[in-house]
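S.K.: Sharing a structure, written as structure tokens. Questions coming.
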Amino acid sequence: MKSLRRFFLRLASFTTRRAQDERLREEIEQHIALQTAENIRAGLSPVEARRQALLKFGGVEAIKQDYRARRGLPFVENVVQDVRFALRLLRKSPGFTAIAVATLALGIGANAVVFAAMNALILRPLNVPQAQSLYGLQRESDHFPAQSYPDYIDLRDSNRSFDGLAAYNIGMAGLDTGENTFPAWLYEVSGNYFDVLGIQPYLGRFFHGADEHGPNSAPYIVLTYAYWHNRFQDDRTVVGRTVQLNKHPFTIIGVAPPEFHGTLLFLYPDSFVPMVNQEQIDGASFLNARGNRWVFMTLGHLKQGVTPAQAVADLNSIGSYLEKTYPGDDAQMTFVLARPGLYGDYLGRPAQAFLTALMMLAGLILLAACANLASLFAARAVDRSREVALRLALGSSRLRILRQLFTETILISLIGGALGLWGSVLLLQWLRAWQPFPQFPINLPVSPDANVYAVALLLALASGFLFGAVPVRQMLHTHPYSVIKSGSTGKIGRRITVRDILIALQITICAVLVTSSLVAVRGLARSLHDNVGFVPQNSLLVQTDLHIAGYRSEDVPRMQKRMIEAMQSIPGVTSVGFSSQPPLSNGRPSDSIVFTDSATDLHPANAATDAMLFSVSPEYFHADGTALLAGRDFTWQDDENAPLVAVINQEFARRVFGSATSALGRYYKMPDGTRRRVVGVVEEGKYTSLTETPMTAMFLPVLQSPSTQTALVLRSNALNSTEGTQQLAAAVRSKLRGLDAGLSALIQTRSEAMDFVLFPSRVATMSLGLLGVMGAMLSITGIFGMAAYSVSRRKRELGIRIALGAQRKEVLQAALGRAFKLLAFGSATGLLLGILASRVLASIVYQATPRDPLVLAGVVLAMAFLGLLATWIPAQRALSIDPLILMREE
């Protein structure tokens, strides 16, 4: 109680500090005045009398500090004083403060953004009950989570390690609510999906395993909360309402809770439907196809007490049985477990590696920022050496000076950290709302949480202590009388310091980033003008799925022909064709293994090649700008009653027939044993990505290989302008509405359709460009800090050189020679490393090559410009030194 009472008394005393300080000052002044009067009576002059009184009284500031320590809360008072003093110093140097705060905001903001992404996608579990025990199954051979539906049923019913195994697949269907038909993304889920996850409905109920009684037996739909809120305006009466999915009636039975968005982190569905109704959703049923791994993922909670290793052993025993029972369909059925949020290790491992690399790079950027600020504070400490010496001479302790120094650095780091965190929150909000592909419901759950704020605070405090520790040695070894006598002199040693190494490292990093970003930019520019097997200019792509619009297989060919005829009637359209899946668009084409005509054992191991497969209409090659090198195009007579034919690309001809010239008229076999005759050869192209190696491709007549997926390609000179493109798109929509009001389509230019495959290249280019800018900014501040430190430490030497007649070039060499050497060494090293790193970049950005003279010249010019910009102010400061002023200060 006594200690608590004493604390409150001191706290009350602290609140009246100003009044007490004023009384203390008056008492000290009265005491000195009395002693001065006594000295005057002793015969001393007034000036000498006061000086002797001050000497006899002792250190005034020391007595004040001792008095405050006894009557108040010294630590709180000292902290408040240090903060006020630091704020005054920072206000007196706005340029230095702005550079320091911006540098830290850059480093801490970058770390906060990357950590928020890692926290959301890797560290934070799915938003489901008991997420720590939830695992997804994937094949050990390819780390691919997909399974066939019969394999899922066997794994679900035979395992002894999981409380239950659920499955889901992602699809799209036309949802008709009675007004219009909208394309909706949905999860096709097993009946036990919600039960396994432990999710409770927000409204209505969920379907269960007991609702399934065979194919197409459970026409139920559960809406997500967001879709219910946006499409149905929170109408609770929707439960029990019947809607149409691909022209099939489904009953809305419930709404999922707001926080549940499915079990794939970045793709939010609109609804959930039973997997047993796949035929109505996808147009075909693979519920009995054991060799077709179409089920997106299988997942479940481990039973209490079961370890992941025990579960894997259990699953492998089931897989071994299935391999023996179904040798042609199930091969290499050994399993591993993975977290399900990022589609297991298939996407999780690359995402984790990418984010880890970004986190390391962001850490290096923050380390470079701290090195920059250390140089700046070292130069600032030299400039303030007289102030520190005077404070030491007046009785201040070195500990108090160091505490004030760390108060200043931590204050800067907290301000910079707050600014960087604010910027990162804005960027994360933008990333959360970012929709790079409007046709896909992509959502990045990167909202910052308490972990992100805590990491930002820790980084700010650690940064303040880190760069604030550099001038400590200078402070501890300061001799006040020698500094006051000789001024802030000193010279830079010729040995390599840790600060030099850090600055050289960050210049190297900057040069690597500049080189990589320029390589990426040049590669991206080349990719837009390279031959990809078709001509994207002056062509429009109209993508739709006739199955979603409710068309059955017998009606699809007639509708596709009517669509082509309608598009051909639009003024300005020169040619029209369609493909099941156009190359380099937002999806992967189908593929199939093929065999030589002489093959008798059609086992997959004996296949001649695995080729991309496209179902195309007549005139498709002309509409898409694909060159027909030999043979003929398809006609509408190539139907199901005509001999089976195909058009192949050059790579297919080389691998299967030896050459393109010998392929015409020859046959090859499909996996079912049917023979197809080659009637044409087209040029090679790019089909899935710009960086792919040459791939084989075959094009089949759409009447012999029907597909409900329809991508119309219209070629027109009206697409030369934005206005012409908009008018043509409006005409296309009008024609489609005239054919079928419920037919929805995605209309975009052929170049816009390539955005999907160009996305990795553009993201890499933008990321490297942003990192290059950040590295350049840090390099500027780093070189500036070192140059400023060198000039500050060598003022006297430079002044003497100028007084002795040294030329401007010699002064600059003496003041900035080391900075220029580090710039040259770091730039050369970074350029070499950037050239090596660009080889890795070539796997992401098509045509990325570091052997481009423009890239090399650009790096040299960029680094020279950065060096000139960073050393401009220190150079002007060095050249403006006045030897007379320096001598007068001595």
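The values are calculated or read from the model by the stated rules, or taken from the named source; none is laboratory data. These numbers were taken from a predicted model, which means no experiment stands behind them. Here Cβ is always computed from backbone atoms with ideal geometry, including for glycine, and neighbour counts include all displayed protein chains. Protein only, heavy atoms only, side chains kept; ligands, DNA and RNA dropped before computing areas. Shrake-Rupley method; radii C 1.70, N 1.55, O 1.52, S 1.80 Å.
S.K.: Keeping every protein chain present and rolling a 1.4 Å probe, give me the accessible area per residue for region 539-755 in Å².
M.R.: 41 Å²
S.K.: A further question follows. Determine the relative contact order of region 131-340: mean sequence separation of Cα pairs under 8 Å and six or more apart, normalised by residue count, in whole percent. Could you put the intermediate results ahead of the total?
M.R.: Values: 450 pairs, mean separation 74.2, N = 210.
Relative contact order for region 131-340 comes out at 35 percent.
S.K.: What number does region 111-209 give for Rg over Rh if you use C-alpha atoms and the Kirkwood radius?
M.R.: Reported Rg/Rh (Cα atoms, Kirkwood Rh): 1.03.
S.K.: Provide Asp270, Asp591 ordered by accessible surface of protein heavy atoms (probe 1.4 Å), highest first.
M.R.: From most exposed to least exposed: Asp591, Asp270.
S.K.: How big is the accessible area of Trp228 in square angstrom, nearest 10, if you roll a 1.4 angstrom probe over the protein chains?
M.R.: About 0 Å², rounded to the nearest 10.
S.K.: Specify the inter-centroid distance of region 678-692 and region 209-275, based on alpha-carbon positions, in whole Å.
M.R.: Answer, in whole Å: 40.
S.K.: Would you tell me the accessible area of Leu444, worked out with a 1.4 angstrom probe on the heavy atoms of the protein chains, in Å² to the nearest 10?
M.R.: 50 Å²
S.K.: Could you tell me the largest-minus-smallest coordinate of the C-alpha atoms of region 131-340 on each of the three principal axes, in descending order and whole angstroms?
M.R.: That works out to 52, 35, 30 Å along the principal axes.
S.K.: Counting only residues 5 or more places away or on other chains, whose amide H sits under 5 Å from the amide H of Val645 once H atoms are built in the peptide plane?
M.R.: Arg677
S.K.: How high is the FRET efficiency from Ala433 to Ala454, r the C-beta distance, R0 25 Å, rounded to 0.05? Intermediate values should be presented prior to the final figure.
M.R.: Values: r = 25 Å, r/R0 = 0.99.
Efficiency, from the Cβ-Cβ distance: 0.50.
S.K.: If you roll a 1.4 Å probe over region 539-755 with all protein chains in place, what percent of the accessible area is carbon or sulfur?
M.R.: 48 percent
S.K.: How high is the relative contact order of region 539-755, in percent, counting Cα pairs under 8 Å that sit 6 or more residues apart?
M.R.: Value for region 539-755: 36 percent.
S.K.: Same structure, new question: What order do you get for 411-418, 279-286 when each peptide is scored by the mean count of other beta carbon atoms within 10 Å, highest first?
M.R.: Those peptides, ordered most packed to least, come out 411-418, 279-286.
S.K.: Can you put Phe335, Phe85 in order of accessible area, largest first, using a 1.4 Å probe? Before the final figure, lay out each step's value.
M.R.: Values: Phe335 0, Phe85 50 Å².
Largest accessible area first, the list is Phe85, Phe335.
S.K.: Rolling a 1.4 angstrom probe over the protein heavy atoms, how many square angstrom per residue are accessible across region 229-291?
M.R.: Per residue, region 229-291 has an accessible area of 40 Å².
S.K.: Could you list which residues have their amide H under 5 Å from that of Asp597, counting only those 5 or more apart in sequence or on another chain, with H placed in the peptide plane?
M.R.: For Asp597, whose amide H was placed from the backbone, the distant partners under 5 Å are Lys669.
S.K.: How would you rank 745-756, 240-251, 121-132, highest first, on the average number of other Cβ atoms within 10 Å across their residues? Please list the in-between numbers first.
M.R.: Numbers: 745-756: 18.9, 240-251: 16.5, 121-132: 15.0.
The densest-packed peptide leads the list: 745-756, 240-251, 121-132.
S.K.: Along the Cα-to-C-beta direction of His603, a point sits 7 Å from the Cα; which residues of region 654-688 have their amide N less than 18 Å from that point?
M.R.: 671-673
S.K.: Over what distance in Å are the Cα centres of region 538-572 and region 133-207 separated?
M.R.: First find each Cα centre; the distance between them is then 32 Å.
S.K.: Which order do peptides 431-438, 662-669 fall in by mean Cβ count within 10 Å, highest first?
M.R.: Highest-to-lowest ranking by the protection proxy: 662-669, 431-438.
S.K.: On to the next question. Ignoring any ligand, DNA or RNA, what whole percent of the accessible area of region 131-340 comes from carbon and sulfur when the probe is 1.4 angstrom?
M.R.: C and S fraction of accessible area: 49 percent.
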